[in-house]
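Here's the structure we're looking at; comments come further down.
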Amino acid sequence: METRSDNPPNGRAPGGDATKKLGKKMEKVGQTAETVWERTRDSVSDIGTSLDIKGRVHRNPYGTVAAAIGIGYVLGGGLFTPLTSRIVRFGVRIGLRLAVLPLLKQEMAELIETIEDEDGKSKGQGTKANVKRTRGDEP
């Protein structure tokens, strides 16, 4: 099959008209990308200034590294993994022990004190001070 120069196979005339349009579009895309890059760079600079990242790193380097590791772990998809669930379960167990044990200890002390008060009253000694004196706690 033979093509004639006045009727190209793709329906477009050969030459630079399409190339010029493509060049203009590429130039416009390049300018847009440059503008976006400048705005992003300015925004990151503003965030860095407002958060005083360099100062925080200088004042507390270990805490900053720990925060960076935590943020990276979450952004890396580690939030919903078996390791995270084990860590959370362990933390909840420890937290409950640290929170509940003092409360239980206090309740047990109050219960023992109440029992001793009732025991002292039933024997006719009356007050808590008398109970303590009979045990030898206070003079």
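Below are the figures for this structure:
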read-out	value
Lone qualifier among Gly63, Gly55, Gly48, Gly72 - being exposed (fewer than 10 other Cβ atoms within 10 Å of the Cβ), of a type outside the set (Phe, Trp, Tyr) and part of a helix (DSSP H, G or I)	Gly55
The lone exception for Thr134 - which of (1) at pLDDT below 85; (2) loosely packed, with under 10 Cβ neighbours inside 10 Å; (3) not charged (D, E, K, R) it fails	(2)
Filtered residues of the range 42-66 (kept if at pLDDT below 90 and of a type in the set (D, E, K, R))	Asp42, Asp46, Asp52, Lys54, Arg56
Condition met for Gly91 (surrounded by 10 or more Cβ atoms within 10 Å (Cβ to Cβ), modelled with pLDDT of 90 or more, at negative phi and part of a helix (DSSP H, G or I))	yes
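The values are calculated or read from the model by the stated rules, or taken from the named source; none is laboratory data. Since the structure is predicted, the reported quantities are computational estimates derived from the model, not experimental observations. Note that we place each Cβ from the backbone using ideal geometry, even for glycine, and neighbour counts take in every protein chain shown.
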